[in-house]
Structures are given as structure tokens and as C-alpha cells.
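Down below is the structure, laid out as C-alpha cells.
The values are calculated or read from the model by the stated rules, or taken from the named source; none is laboratory data. Every value quoted in this text rests on a predicted model; they were computed, and no experiment measured them. Heads up, the Cβs are rebuilt from the backbone with ideal geometry, glycines too, and the neighbour counts pull from every protein chain shown. We work out accessible area using only protein heavy atoms, side chains counted, and drop any ligands, DNA or RNA first. Shrake-Rupley method; radii C 1.70, N 1.55, O 1.52, S 1.80 Å.
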Amino acid sequence: FFSLTSENERLMRENAQLRELMSVDDKHDELLIPYVKTTTNSGVPYSYIPARIVKNSTRMLKNYIVLNRGAKDGVKVDDAVITDSSVVGMIVDVSQHFSVCRSILHTDSYVSARFMGNDYHGSVVWNGKDRERVSMQDVSRVASIAVGDTVITDSRSSLLPEGLMVGTVESFTVPESDFYDITLRLNEDYEALHNVYIIRYAHRDELKQMLDYGKEDR
């Protein structure tokens, strides 16, 4: 019993190493370049840092998670936070030994996501009312969707790898606008989180600069 925590931490470190070795650069078009995988100098596009949750809020409008990893561990602002299979949030503050993650259950959170079965994508946001549900916006009404459809993170995100679970379609309506009004049931129980991974895409800053190109002209 007393060795369980240290054993879990060891397994998390091993999983982090395996994830790095298995990660691919999902921001490059592998259909156009099928035989080349662009990686970092260290050989992996994503780096993973296992972390444990020190404090977690889920019942406020702006929820944050405190993690037991900080600058000395290599954590930086804008690193993403995930579980084994789901998105959790983004690092917004770092001290020497700890860091703060802005949870997906935060009214200022924004996640680029798409449907697993097609290429239609949109933005996942939280309305601050129900910690088990979020809204998916900006999905064109020409998309074919159904209750139960799976929504995952999209490669358009400069912070997150593609394919992490967000949730499933619980309900949707077609308003008079050009976009659906979609409610997703979250895949993760964010109140029960304990262990997570802090991750960083090696070419994040370069990609973000390109994605922001031309904004000053708008």
C-alpha cells in the first residue's frame, strides 16, 4: 500500500517515455509526404512530463488545476495537459516546483476539435454551468452528425496532438444560422483526476507564428 504512489509515478515516467517514442508529427501532412516523418533533433515531436494533481477545482466559472511539476522539470507556459486519452487544459503559470493549468472547465478555455468520422471541425467551449458537458461551436450545418458521434482534438491546434478524446454528441439543434448548436458529454470525469501528462509540441512557437500570420491586418 505504502509503495503504491511511488509505483504509479514510476509507471507514469515509463509511459511518458513510450509516448514520446511513439509520437508522430501530426501537424505535417503525411498524405503528401508519406515516407518522411519530421521530428525534433531529439527524435520526437512531442515531449511528455508526468505530473500529479495537487489541487483541482471544478465548481467555479474559471477552474484551475495545480500540478506538482514546475520550471525545474522543464514545464513552460502554454504547455498542454492531458490524461492517458483526454484533453485536460493548458499551463498558464509556472513556479520553480509547481505549475497551474487552466482547465477545460474554464469559461475562457478553447479547444480545436473535429468529429472522428469526418473532417468537419469546430471549437469546444464551456458555458460554466455543467462540469460534465461542453458546447461545440462553428460546425457547419452541412456536416452530417448524429447523437453519439465522437469528438477528438484536431491537428489545427498548435498545443495538442490530434486524436485525444473530448466527448460525444449528446444533443444538437440547427438554428437559423449556418452552424449547429451542439452539446457534448465530456469523456473525462474532471473531478476525479489524479495523474496527468504535461506535453509540448517541439515546433509549437513556429506553428503558432504561422497560424497568427496576417492577424494584424484584420
* Asked: In the full protein assembly as shown, how much of His203 is accessible to a 1.4 Å probe, in Å² to the nearest 10?
  -> 50 Å²
* Under 13 Å, Cβ to Cβ, from Val92 - net charge with Lys/Arg +1 and Asp/Glu -1 -> -1
* **Estimated [θ] at 222 nm from DSSP helical runs (n ≥ 4, -39500 (n - 2.57)) normalised by residues in the chain, nearest 500** => -4000 deg cm²/dmol
* Structure fact -> Residue-normalised value, i.e. accessible area per residue, for region 50-108 at 1.4 Å probe, in Å², stands at 45 Å²
* Return the carbon/sulfur percentage of the accessible area of the chain, one whole number, probe 1.4 Å, all protein chains in place. => 52 percent
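Ordering Leu105, Leu21 from largest to smallest accessible area (1.4 angstrom probe), what's the sequence?
Values: Leu105 0, Leu21 135 Å².
If we order Leu105, Leu21 from most to least accessible, we get Leu21, Leu105.
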* Structure fact -> The Cα radius of gyration of the chain, divided by 2.2 N^0.38 Å with N its residue count, comes to 1.05
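Would you kindly work out the equivalent ellipsoid of region 45-168 from its C-alpha gyration tensor and give its semi-axes, the square roots of five times the eigenvalues, largest first in whole Å?
27, 16, 11
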* Asked: Cα-based count: Lys pairs in the chain below 21 Å, eight or more positions apart or different chains?
  -> 11
* Asked: For region 88-135, which trypsin sites (Lys or Arg not before Pro) are both in a DSSP coil and crowded by at most 15 other Cβ atoms within 10 Å?
  -> Lys129
* Structure fact -> Taking Lys and Arg as +1 and Asp and Glu as -1, residues besides Ser112 with C-beta under 9 Å from its C-beta add up to +1
* To do: Ignoring everything but the protein chains, give the 1.4 Å probe accessible area of Val111 in square angstrom, nearest 10.
  => 10 Å²
* To do: Please compute the net charge surrounding Val166, taking Lys and Arg as +1 and Asp and Glu as -1 over other residues with Cβ under 13 Å from its Cβ.
  => -3
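How about region 165-218: which chymotrypsin sites (Phe, Trp or Tyr not before Pro) there are in a DSSP loop, with at most 10 other Cβ atoms within 10 Å of their Cβ?
On the way: sites: Phe172, Phe179, Tyr180, Tyr190, Tyr197, Tyr201, Tyr213; in loops: Tyr180, Tyr213.
Those that pass, being in a loop and sparsely packed, are Tyr213.
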